[in-house]
Amino acid sequence: MIDQTSGNRRIEWLWVGILVIVIAIGVIAYLRQLQEGLGITGMNQNVTWGLYIAQFTFLVGIAASAVMLILPYYLHDYKLFGRITLLGEFLAVAAVLMSVTFIIVDLGRPDRAFNVILHASPSSILFWDMIVLTGYLLLNLVIGWTVLEGERKGVPPPGWVKPLIYLSIPWAISIHTVTAFIYAGLPGRSFWLTAIMAPRFLASAFASGPALLVLVCLVLRRYTVFDAGREPLQTLGKIIAYALAASIFFVLMELFTAFYSGIPSLAHHFEYMFVGIEGHATLVPWMWTSAVLAVAALAVLLIPRLRRNEAWLAAACAAVFVSLWIEKGLGLVVTGFIPSPTGEIGTYIPTALEIAITLGVWAGGLLILTLLYRLFVAVKALTEPVAVKGAGEP
Amino acid sequence: MIDTERRRLLKIAGTLILGSMLPIIPCSASSPGRSASAAGAGRWGMVIDPRKCPAGCRDCIDACHAVHNVPHIAGPGNEIRWIRQVPFQNAFPDQGHPYLDAGRRDVPVLALCNHCENPPCVRVCPTKATFRRSDGIVVMDYHRCIGCRFCIAACPYGSRSMNFRDPRPFIRTVNPDYPTRTRGVVEKCNFCEERLAKGMPPACVEACGKRGALLFGDMTDPSSEIRRLMKDRPTIRRRPELGTDPHVFYIVS
Amino acid sequence: MPIFASLLFIVIAILFPLFAASAGWHGLLGIVIPCAAWAVFVFGFVWRVVVWARSPVPFRIPVTSGQQRSLSWIKADAAENPSGRWGVALRMFLEVALFRSLFRNTRTDLYKGRPVYGRTKNLWLFGWLFHASFLVILVRHLRLFSEPVVPMADTLAAVDGMFEIGVPTLYLSDLCLLAAAAFLLLRRIVIPRVRYISLAQDYIPLLLVLCIAGSGLLMRHFDKIDLVAVKELASGWICFVPTLPEGLTAVFFVHLFCVSALLVWFPLGKLMHMGGVFLSPTRNLANDSRRRRHVNPWNAPVKVHTYEEYEEEFRNQMKAVGLPVDKE
Amino acid sequence: MKGRRGGLIAIGIGLAVFLALATYPFWHAAGKAMPVPELDLETPAIRALPARLCVAPTAEMKTRHMQILDEWRTEVVRNGRRTFETPDGRRFDRSLTRTCMQCHSNKERFCDRCHDYAGVKPKCWDCHIVPETPSGEASAAVAGKGTLK
């Protein structure tokens, strides 16, 4: 049975093997960080959050984006998504696990992590973030597992899951909203101090998450027996297009406010991102790459003839993912610190160890994702023998 | 001892019962401070007169760093900040203009924790490791800090520093009466609350001595030296528009 | 009502040391009972294993799940249905260390009158957690039985107490043991069909473990004990110079008595699965029934009449009627 | 017959491993005594005391000193209450280095001996600094030894 789930076991083992190696390197690097402290990273007194927190922010978005599958299927009875909602939920599980790991990895004293519960502090947004993230993780684990078990057994999932699914919809919005509040509620950090931070976060999340899902579906079609079909991916493509359009629109709004008002503290950060300040221009090539990729992807996704071609769709989704990863996973966090509220123009370049740890966490999340999707495909192979291709054993 | 034990158990029980009601308890209520009474102050504050700072004088900084075992780590963006000198336009970004008196523009300004009345760092701390005492001092509990650096992001004055590495090798002379920090926690100026408890003035103020660039006292006492000075001389504060209500004042005339 | 009998047993196991401690029978509680319990444990354990080892094991059992080794192009499941010694070792390791057979638990539900089979991992998860945390706690206690403290106990304590929770630090294994034991107990009480098959034999060890963990936590965090005195007592046992230091509390004697009770209980009942798992034929026998002839050693001698002997006996008659013979 | 012998060997090895583990403490300690650490209470400051009293009775200090220190920490750092008063009216500064370590100025022969024996690794000294022992005190302290009991 297990053998049917994968069209190509060797590629799967190779993939898992690579992930395990990357995880191992990350663990070794993290042990080093535990020993020497965060000094092994590129962070410093001017830029005190870096790659880790940026990945956390980006991945909370990926987790929240599961709602783009749940909502059309459960609220609007959009049947086409029925077969892939579980993919979204499992992606959310892996993404939340990764983002929580990134928080832990970023702590100076991870041994005291439980202080967040022992000395619970409701005035801190981080406290609420812990609550919503753990809640979202549990919701998706329970929903995903129960629905998948139901499918496996050939019975409808128990009735108590429905309310949980409906609850998970606003909950998904909440995780990214609360994460945006971490930034948007800080006086003196003018780059983040904007009321459209949460909408911006959600818009970019609803583009990057579904983009990843489209890519995952194409990979599953190529290497496993599960085929999500053409039409759900087309719908996802449209969702990505409009979410991406909203995301770009929001960034343009920020640019207008910053530059037309002429308030230096607003404008400086955007100058730093796109042209550099006083020779500090580390992010400039990245940000322009992000901008170009976003606009190009939007064009591809809006032109029906291109979007319907799955090669173009895949390329556009990859571009969206990379573009928004740069925007959230690099630009947003670091730029908030440059220049600092007292005008220091800091520098931040991640170190090799920091990158190794970051890749290790990503690999860990992808391993969990692989495991969950393997369970999913196994069940699909069991329950949808018609859709199974190449399982031609007599 | 039995009494302490009972109080502790009551506290545990209380925490369990009131756990769900926590959000409605304002964060300042959990840190009833009484130490202000030790030196008889209602609300500590500081006045700085930058023009009384002799060029190149670092007495206050050295005194503070020596007393509190502040490490000296070389390299840009590495320095641990308790009290430091920053260019005028960095301390007061909205006040710089081309016609500013050169004497003022080029004189570095002392910057330290403002011990805000409404401190964002306290608001964002997820463990109450940073809290505001009733005498206005914003203190850190280094035993509790998890090193998330949310407070650094929240502080509009750059008054907080993270121990990215073990500070001990970087301490020039160790003062055995004051602890060092471990790697992984945030630290900052504490208005020398440990000295105030003994009735001594902050180390920086003491080091400044008769030069009088630094003045420290009770803001609630109209007859205090600091209040009398503020009556005579106009003062400004750093980024007051952010609503943090800083309690470090700068004389501008 | 086995649960009430068990509760009664536990109440006695708590009250007796409390009473004995207040009566001043410290020598009985601190030296005689634990040492006797330890002796019963060791000799009882060996005795049970020897009895099992002497019992006949009839067959190699080929019906474990997984494809057995057969033709070269059919992939065999080496871990599940091994054909050699190393495969058996792997299967035994997976069983002992990871509880593989529990992992494959299924549950059956009725849906519209037909049975549906689902997976259930709760028992595996909490069962594993129970045993793993028990092992960790056991090894951590070596700090009371070695001087200088063995590095393994130190390292384990550092990892176990890696989170700074309270003073002294809360050990995660303590929490896990309590949670897992509580789950295993509640499962027997709450699920009717499990309650139906549960005996005092099943409840008592769990209740004892809960008592041991509870009294241990109590001594670590609340009714504090003088560790030096405890280690002095322990080193008295193992250096054969029994001593009774001052400062041992009633809670400590309850802890020690419950441990002793568990030690005595061990060889008498189901806890012997610790030794028994290694002796279970479906786990420890390689499936080579089709390649090797296994003769049960206790078989009565069977009179065998081979074809050669048959031909020898009837050759002339066979030749006479024209039947072919092997030897002329 | 061969399989039976193999089985007996396996049983033998298994029982040997069990016995080795079950008796590990005995042969680990074999031949060695496990002496209870002698805690040195004879520092000049303690000798100078009018009555040898700590901030709490000895039995309580033995079992609860870490919790007392934790309470002190909370009182000082969070509540600003720096003075501790014993039930019999003696007052102390709530301070590890300025109160505890003034009397127990011999960390190695007081704190460490017991902590090593019990396998305890407190984190106090990650931040706090061990006060320097005044010269001459070390030799004076060796002269007379006290034990924990």
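The values are calculated or read from the model by the stated rules, or taken from the named source; none is laboratory data. Because the structure is a prediction, the values reported are computed rather than measured. Ideal geometry is used to build each Cβ from the backbone, glycine not excepted, and the neighbour counts take in all protein chains shown. Heads up: the accessible areas ignore ligands, DNA and RNA and are worked out on the full protein's heavy atoms, side chains in. Shrake-Rupley method; radii C 1.70, N 1.55, O 1.52, S 1.80 Å.
Overview of results
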quantity: Tally of residues being part of a helix (DSSP H, G or I), more than 14 Å from chain D (Cβ to nearest Cβ) and touching a residue at least 24 places away in the same chain (Cβ under 8 Å) across segment C:196-233; calculated: 18
quantity: Candidates B:221, B:245 - the one that is away from chain A (no Cβ under 14 Å), in contact (Cβ under 8 Å) with a residue 40 or more places away in the chain, part of a loop (DSSP other than H, G, I, E, B) and open to solvent by 40 Å² or more (accessible area, probe 1.4 Å); calculated: B:221
quantity: Every residue from segment A:79-111 that is basic (Lys, Arg) and without any contact (Cβ under 8 Å) to a residue 40 or more places away in the chain; calculated: A:79, A:109
quantity: Residue match in segment A:373-386 (condition: open to solvent by 40 Å² or more (accessible area, probe 1.4 Å), part of a helix (DSSP H, G or I) and modelled with pLDDT of 90 or more); calculated: yes
quantity: Selection within segment B:117-138 - within 7 Å of another protein chain (Cβ to nearest Cβ) and of a type in the set (A, V, I, L, M); calculated: B:124
quantity: Residue list for segment C:205-215, filter: open to solvent by 20 Å² or more (accessible area, probe 1.4 Å) and within 24 Å of residue D:64 (Cβ to Cβ); calculated: C:211, C:212, C:214
quantity: Which listed residue, of C:185, C:142, C:175, is facing chain D (nearest Cβ under 9 Å), part of a helix (DSSP H, G or I) and under 22 Å from the mean Cα position of the chain (by Cα); calculated: C:142
quantity: Among the residues listed as C:158, C:97, C:153, the single one being in a helix (DSSP H, G or I), within 14 Å of chain D (Cβ to nearest Cβ) and open to solvent by 30 Å² or more (accessible area, probe 1.4 Å); calculated: C:158
quantity: Selected residue (only one of A:251, A:178 is modelled with pLDDT of 95 or more and within 14 Å of chain B (Cβ to nearest Cβ)); calculated: A:178
quantity: Scan of segment C:47-58 for residues that are surrounded by 10 or more Cβ atoms within 10 Å (Cβ to Cβ) and without any contact (Cβ under 8 Å) to a residue 40 or more places away in the chain, ordered by number; calculated: C:50
quantity: Selection within segment D:69-114 - open to solvent by less than 30 Å² (accessible area, probe 1.4 Å), in a helix (DSSP H, G or I) and touching a residue at least 60 places away in the same chain (Cβ under 8 Å); calculated: D:114
quantity: Members of segment B:164-200 that are within 12 Å of chain A (Cβ to nearest Cβ) and under 21 Å from residue B:63 (Cβ atoms); calculated: B:167, B:168, B:170, B:181, B:187, B:188
quantity: Condition check for residue A:61: at pLDDT 95 or above, in contact with a strand residue (DSSP E or B) (Cβ under 7 Å, 6 or more places away or on another chain) and among the small types (Gly, Ala, Ser); calculated: no
quantity: Test for residue A:221: is it part of a helix (DSSP H, G or I) and either open to solvent by less than 10 Å² (accessible area, probe 1.4 Å) or at pLDDT 95 or above (or both); calculated: no
quantity: Selection status of residue A:143, part of a helix (DSSP H, G or I) and within 13 Å of another protein chain (Cβ to nearest Cβ); calculated: no
quantity: Subset of segment B:139-154 [more than 7 Å from chain A (Cβ to nearest Cβ) and either in a helix (DSSP H, G or I) or touching a residue at least 40 places away in the same chain (Cβ under 8 Å) (or both)]; calculated: B:139, B:140, B:142, B:151
quantity: Test result for residue D:41, loosely packed, with under 13 Cβ neighbours inside 10 Å and in contact (Cβ under 8 Å) with a residue 40 or more places away in the chain; calculated: no
quantity: Residue satisfying all of: in segment D:69-121; of a type in the set (Lys, Arg) and closer than 26 Å to residue C:147 by Cα; nearest to the chain's Cα centre (by Cα) among these; calculated: D:113
quantity: Test: residue in segment A:68-79 that is crowded, with 23+ Cβ neighbours inside 10 Å and within 29 Å of residue C:158 (Cα to Cα); calculated: no
quantity: Residues located in segment D:18-67, provided they are among the aliphatic types (A, V, I, L, M) and within 8 Å of another protein chain (Cβ to nearest Cβ); calculated: D:19, D:22, D:29, D:33, D:34, D:36, D:56, D:59, D:66
quantity: Residue that is nearest to residue A:349 (Cα to Cα) [pool: residues in segment A:264-288 that are touching a residue at least 60 places away in the same chain (Cβ under 8 Å) and either open to solvent by 50 Å² or more (accessible area, probe 1.4 Å) or in contact with a Cys (Cβ under 7 Å, 6 or more places away or on another chain) (or both)]; calculated: A:282
quantity: Near pairs, Cβ below 8 angstrom, 6+ apart or cross-chain, from segment A:130-150 (modelled with pLDDT of 95 or more) to any residue that is open to solvent by less than 20 Å² (accessible area, probe 1.4 Å) and not in a helix (DSSP H, G or I); calculated: A:130/B:126; A:140/A:66
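Table: residues versus (1) among the acidic types (Asp, Glu); (2) in a helix (DSSP H, G or I); (3) within 14 Å of chain D (Cβ to nearest Cβ).
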residue	(1), (2), (3)
C:245	no, no, yes
C:260	no, yes, no
C:267	no, yes, yes
C:288	yes, no, yes
C:294	no, no, yes
C:319	no, yes, no
C:324	no, no, no
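This table checks each residue for (1) within 15 Å of the chain's Cα centre (by Cα); (2) open to solvent by 30 Å² or more (accessible area, probe 1.4 Å); (3) over 15 Å from residue C:284 (Cβ atoms).
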site	(1), (2), (3)
C:45	yes, no, yes
C:78	no, yes, yes
C:101	yes, yes, no
C:109	no, yes, yes
C:114	no, yes, yes
C:119	no, yes, yes
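Residues are listed down the side, and each one gets a yes or a no for (1) at positive phi; (2) open to solvent by less than 20 Å² (accessible area, probe 1.4 Å):
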| site | (1), (2) |
| --- | --- |
| C:229 | no, yes |
| C:235 | no, yes |
| C:240 | yes, no |
| C:245 | no, yes |
| C:251 | no, no |
| C:267 | no, yes |
| C:271 | no, no |
| C:286 | no, yes |
| C:296 | no, no |
